[in-house]
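One structure below.
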Amino acid sequence: MYPMGAGLRWTATAVERGKERAREALVLVTVDPGQSAVRSPVAVNMVLDRSASMRGAPLAAVVSAARQLVDEAGPEDYLGLCLFDRNAEQRVKLCPMDAEGKTRMRESLSRLTTGGGTALHAALHTGAGELLRTLLPGVKQRMLLLTDGEPSVGPATLENFQRLGVSLAEKGLSIHALGVSDHYVPDILQALSGPSGTPFVHVSDPAGVGVAIGSVFSALRGEVAMDAKIRIKPSGFGSIRCIHGYPTHLEAGALAVLMGSLTVGQVRRVLLGGPVAVPTWSLGLTTRVRTRQQDEEQELSVQRVELESSEGKQVLRVVAELELVSAEAAAWAALTRKDKLRCGDRLLSAEARVKVLVALGADASEAQRHMQRVLELRHAYESASFDSSLEDKARQSAALAASHTVSRIMTAPPALFRRNAGE
């Protein structure tokens, strides 16, 4: 276990499974920020949907939650307010939450009304532009996006938002997205938030908005380090992939996995895997994080363990859980399309993974939560009727899959994999 200056503790555990030419190595990298780190200031531009569908209870819930953020923020925190309907407007520029800043925010929120249309693409450009005009040394700049609808004004395709999400992440901005009710597009929110290593959050009804925004803000206030990254240089592998869906790219002959920010009390994991053809395979692992004081980098050793050991079973539990939530999301999505054949196939896969988790000794309460969700899926599959509640379940499942970061796999090109000399 390796501590760093920010109080982080890194471990890397490897297991090997299969035989001869079907051998696979799995490496689980874990970072534990602990509980003792000092809270970091935040810089958040709130990008709030005020389209017609937000009229009434949804808008009231958003205003109440935003006021709560303002009340909880300290003078070292910076907040801004960007509103959008058919147009986007930076109503309050990013400013410190001292007495003057809080008064400005509260007055703007009290005058918030609904309009028509949903110019989501323009809103994100406007919100990002405000953040990029303000430098706060050592503080990560973020957008907190809340929307309940599909984009109806300006660019509206998934490809538009995939490009935008990547572009904003490359500029150093993170997006924390909340989708409310049953009209937003989960794929769009994932495309926006995924490149910066943050999952989107599903909110079933307006009553849950305050809790959801509060939990996101609490996580931001507990930030220990920013821009966490792992660099992997394999030897003896046929290929290597990041099984979690963190953003990845090639970097100076290595595979770089971008984990985003690390938060007090929240253990983060990265699962790597690939086929091995030689007995002496290895992974060179380097971790890097950015704190308010400095950049910190270190080499991380890999501990090899047996499959039947407690550490080996933990690696296999992570594999099974990733496969489970992925199968769940696919099953719900298929059910909303009335594709019962595809849904049934993915349901069987999910049920099998639950059994694997139980056999591997998963925590009882965790296993129970998984089983309950799969039972709900089974009930929906066997029901002859199709109703709108399935849409909500599908969005919940997509958000769960995003929170486990299972959506993308990257296989590096062959040039990256060099055997040890003489092999």
Taking interchain pairs and intrachain pairs at least six residues apart, which have beta carbon atoms under 7 angstrom, with the first residue in region 74-101 and under 11 Å from Glu130 (Cα atoms) and the second surrounded by 18 or more Cβ atoms within 10 Å (Cβ to Cβ) and acidic (Asp, Glu)? Gly80/Glu130; Cys82/Glu130; Gln90/Glu130; Lys93/Glu130; Leu94/Glu130
Quickly run through region 152-180 and pick out the residues that are closer than 15 Å to Leu48 by Cα and either over 16 Å from the mean Cα position of the chain (by Cα) or among the charged types (D, E, K, R) (or both). Val180
Within region 202-223, restricting attention to residues that are at pLDDT 80 or above and under 21 Å from Lys140 (Cα atoms), which residue is nearest to the chain's Cα centre (by Cα)? Val216
Hey, does region 113-132 have a residue that's closer than 25 Å to Ser64 by Cα, of a type in the set (Ser, Thr, Tyr) and at pLDDT 95 or above? yes
A careful count of residues in region 285-334 that are aliphatic (A, V, I, L, M) and within 23 Å of Gln368 (Cβ to Cβ) gives 12
Residue selected from region 194-208 under the condition in contact (Cβ under 8 Å) with a residue 60 or more places away in the chain and either assigned to a strand (DSSP E or B) or aliphatic (A, V, I, L, M) (or both), by the criterion farthest from Ile175 (Cα to Cα): Ala207
Being in contact (Cβ under 8 Å) with a residue 60 or more places away in the chain and either in the same structural domain as Leu59 (by TED's automatic domain parsing) or not in a strand (DSSP E or B) (or both) narrows it down to one of Val216, Val211, so name that one. Val216
Would you mind telling me which numbered condition in (1) surrounded by 21 or more Cβ atoms within 10 Å (Cβ to Cβ); (2) over 21 Å from Gly245 (Cα atoms) Ser193 fails? (2)
What pairs come up if the first residue lies in region 141-170 and is among the hydroxyl-bearing types (Ser, Thr, Tyr), the second is modelled with pLDDT under 90, and their beta carbons are under 6 Å apart, counting only those six or more places apart or on different chains? Thr147/Tyr184
Return the residue satisfying two criteria in turn: it lies in region 341-359 and is hydrophobic (A, V, I, L, M, F, W, C) and under 23 Å from the mean Cα position of the chain (by Cα), and of such residues it is surrounded by the most Cβ atoms within 10 Å (Cβ to Cβ). Ala350
Looking only at region 259-281, and only at residues there that are part of a loop (DSSP other than H, G, I, E, B) and among the hydrophobic types (A, V, I, L, M, F, W, C), the one that is surrounded by the most Cβ atoms within 10 Å (Cβ to Cβ): Trp281
Would you tally the residues in region 282-329 being surrounded by fewer than 21 Cβ atoms within 10 Å (Cβ to Cβ) and part of a strand (DSSP E or B)? 13
Can you tell me which residue among Leu120, Leu132 is hydrophobic (A, V, I, L, M, F, W, C), more than 18 Å from Arg221 (Cβ to Cβ), surrounded by 13 or more Cβ atoms within 10 Å (Cβ to Cβ) and touching a Lys or Arg at 6+ places or on another chain (Cβ under 8 Å)? Leu132
Filter result (crowded, with 18+ Cβ neighbours inside 10 Å and in a loop (DSSP other than H, G, I, E, B)) within region 239-258: Ile240, Ile243, His244, Gly245, Tyr246, Pro247
If I ask for residues that are within 23 Å of Phe217 (Cβ to Cβ) and modelled with pLDDT under 90, which ones from region 150-170 would you list? Ala169
Matching residues, region 302-315, being of a type outside the set (Lys, Arg) and more than 17 Å from Ile240 (Cα to Cα): Gln303, Val305, Glu306, Leu307, Glu308, Ser309, Ser310, Glu311, Gly312, Gln314
So which pairs qualify, if the first residue must be in region 39-60 and over 30 Å from Gly138 (Cβ atoms), the second must be outside any loop (DSSP other than H, G, I, E, B) and not aliphatic (A, V, I, L, M), the Cβ gap must be under 6 Å, and the two must be at least 6 apart or on different chains? Asp49/Thr147; Ala57/Pro206; Pro58/Pro206
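The values are calculated or read from the model by the stated rules, or taken from the named source; none is laboratory data. From a predicted model like this one, the values you see are computed outputs, not experimental measurements. Quick reminder, even Gly has a Cβ in these numbers, built from the backbone with ideal geometry, and neighbours come from all protein chains shown.
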